[in-house]
Amino acid sequence: MNVYQTIIDAAQAVTPEMVSVRRDFHKYAETGWLEMRTASIIARKLKDLGYEVLIGEDVCERDARMGVPSDEVLKAAYERAVSQGADPEFVKATEGGFTGVIGILRCGEGPTVGMRFDIDALGVNESTDEDHLPARDGYASVNAGSMHACGHDGHAASGLGVAAVLMQIKEHLHGTVKLIFQPGEEGLRGAKSIVEKGHLDDVDYLFGAHTTGEAADGGDVTPGSYGSLASYKYDVTFRGLAAHAGGSPHLGKNALLAAAAAVTNLYAIPRHGAGASRINVGRLIAGSGRNVIADEAFMEMEVRGDTTEINEYVSDYAKRVLESAAAMHDCTVEIKLMGAAQSLNSDEDFCEHIAAVCTEKLGMKVTEKLAIKLGGSEDVSYMLNRVQSHGGKGAFVRVRSKMTESAHKRKFDFDESYLTKVVKVFCGMTYDLMKK
């Protein structure tokens, strides 16, 4: 029996269902830690396929979650999820923002293969123009301010396709499969909580994938990625004392002035000689009126570095700047971590293995470059680094498909042939690693 051909055929057969699921997730888009409907449906489908299912606090370490919305937002999202058809058995476990899901398939002795699929949407209002396919065909997001503008609806649907095909070839697998459906990738908020729960500690091989635009050489797959920037995302609040700006300005403690001093000095942090470093203040809100000394200022900022060490350097320097600016104007400052990622590098020999399986067993075209550099940050880095830290191998795969425009835009969409390609690559590699 040619199991690789079985995988190819099964991937094609499951594609219509994946398309249907992808469009359903797209229509009911949910942002980070609010993916309650999405997570409940994933859990239901995994259970129906025969997987052992973990959901809720069994997946995400409570205190390691970052950037969790307020209780009011979480409550409203839960009620919305229920009204929009969340699975009644599993949605209860997601209440409070515990929206991770893991499906486990145990096939006796052998390696543990982990796969990560992110499931969250972005805070974007989707286009309603008729030339935008989801709008034209009736599956554009119905949730205002939430849109799958980065392909995570496809990632989640392809994960379920992988689950279905692996179950079909279960008798040929030896070891354990972990399908990890991760919340809160946008803003780098979710992966660390799954790692801290210990779910990557026994994983020998890890794949992640992301939809990426068409390759110049026509390749279907780029087996790996490297060079993603380590990052920290911070919410910063300066607190001072209000006073009349005309009558008694000397009695005030100007939080706006402290924040302004911080911004100018943050951008003056010396760059690191060992690699790229980044800092950005993306949002600053302060004050209550033109004649009032501002008693509070709120800032959203981030730092990044080519390596985890460079990121730490920028972060430590930034904290000193923030604290010094507050002290200079007799204010206090609160610095809250809202998201984080480490630097990421795929294992070169593992990328070569993926390339060989794709070309020799699955009839897929691999790009000339086996790995490409990431321009931003990715919190799958936490999972990959944990696996590599105990001797495992991993790769962040780029699966190529035509896109209408770049990610995070209101008319983003991708060719759904992406779904079939992911199933082939992930199932083909899983079988290759677990066949003996």
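The values are calculated or read from the model by the stated rules, or taken from the named source; none is laboratory data. All of these numbers come straight from a predicted model, not from anything done at the bench. Cβ sites come from the backbone with ideal geometry, for glycine too, and all protein chains shown count toward neighbours.
Structure summary
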read-out: Enumeration of residues in the range 54-86 that are surrounded by 21 or more Cβ atoms within 10 Å (Cβ to Cβ) and more than 23 Å from L200 (Cα to Cα); value: A77, A81, A86
read-out: Residues of the range 282-297 satisfying the condition of being in a loop (DSSP other than H, G, I, E, B) and touching a strand residue (DSSP E or B) at 6+ places or on another chain (Cβ under 8 Å); value: G287, N291, I293, A294, D295
read-out: Qualifying residue in the range 302-316 (condition: closer than 23 Å to P69 by Cβ and of a type in the set (G, A, S)); value: no
read-out: Checking V399 against (1) under 23 Å from D306 (Cβ atoms); (2) in contact (Cβ under 8 Å) with a residue 60 or more places away in the chain, the condition it does not meet; value: (1)
read-out: Tabulated pairs, the range 307-335, first part of a helix (DSSP H, G or I), second of a type in the set (F, W, Y), C-beta under 6 angstrom, 6+ apart or interchain; value: S315/Y232; A326/F238
read-out: Filter pass, H250 being without any contact (Cβ under 8 Å) to a residue 60 or more places away in the chain and touching a strand residue (DSSP E or B) at 6+ places or on another chain (Cβ under 9 Å); value: no
read-out: Filtered residues of the range 152-187 (kept if crowded, with 24+ Cβ neighbours inside 10 Å and either modelled with pLDDT under 95 or not hydrophobic (A, V, I, L, M, F, W, C) (or both)); value: H152, D153, G154, H155, S158, G159, G161, Q182, P183, G184, E185
read-out: Sole residue being in contact with a Lys or Arg (Cβ under 9 Å, 6 or more places away or on another chain), within 20 Å of V142 (Cα to Cα) and not in a strand (DSSP E or B), chosen from F25, F98; value: F25
read-out: Residue that is farthest from the chain's Cα centre (by Cα) [pool: residues in the range 112-161 that are closer than 24 Å to A209 by Cα and among the acidic types (D, E)]; value: E126
read-out: Condition met for L251 (at pLDDT 95 or above and either within 20 Å of the chain's Cα centre (by Cα) or assigned by TED's automatic domain parsing to the domain that holds M403 (or both)); value: no
read-out: Candidate set from the range 380-410 (those that are more than 28 Å from L200 (Cα to Cα) and over 20 Å from the mean Cα position of the chain (by Cα)); member that is surrounded by the most Cβ atoms within 10 Å (Cβ to Cβ); value: T404
read-out: Among the residues listed as T128, T112, the single one being assigned by TED's automatic domain parsing to the domain that holds L49 and either closer than 16 Å to M36 by Cα or in contact with an Asp or Glu (Cβ under 9 Å, 6 or more places away or on another chain) (or both); value: T112
read-out: Failed criterion for T211 (all others in (1) modelled with pLDDT of 95 or more; (2) crowded, with 16+ Cβ neighbours inside 10 Å; (3) not aliphatic (A, V, I, L, M) hold); value: (1)
read-out: Tally, over the range 360-379, of residues that are farther than 16 Å from T212 by Cβ and either of a type in the set (K, R) or surrounded by 14 or more Cβ atoms within 10 Å (Cβ to Cβ) (or both); value: 3
read-out: Members of the range 240-258 found to be surrounded by fewer than 17 Cβ atoms within 10 Å (Cβ to Cβ) and either of a type in the set (V, I, T) or outside any loop (DSSP other than H, G, I, E, B) (or both), listed by number; value: L241, H244, P249, H250, L251
read-out: Matching residues, the range 50-81, being under 13 Å from E95 (Cβ atoms), of a type in the set (A, V, I, L, M) and either without any contact (Cβ under 8 Å) to a residue 24 or more places away in the chain or assigned to a loop (DSSP other than H, G, I, E, B) (or both); value: V68, A76
read-out: Any hit, the range 173-189, residues being in a helix (DSSP H, G or I) and either outside the structural domain of T212 (by TED's automatic domain parsing) or out of contact with any helix residue (DSSP H, G or I) (no Cβ under 7 Å at 6 or more places or on another chain) (or both); value: no
read-out: Selection count where residues are in a helix (DSSP H, G or I), surrounded by 23 or more Cβ atoms within 10 Å (Cβ to Cβ) and in contact with a helix residue (DSSP H, G or I) (Cβ under 7 Å, 6 or more places away or on another chain), scope the range 28-49; value: 7
read-out: Among (1) in contact with a helix residue (DSSP H, G or I) (Cβ under 7 Å, 6 or more places away or on another chain); (2) of a type outside the set (D, E, K, R); (3) exposed (fewer than 13 other Cβ atoms within 10 Å of the Cβ) - the single one G282 does not satisfy; value: (1)
read-out: The lone exception for A261 - which of (1) surrounded by fewer than 24 Cβ atoms within 10 Å (Cβ to Cβ); (2) of a type in the set (G, A, S); (3) assigned to a strand (DSSP E or B) it fails; value: (3)
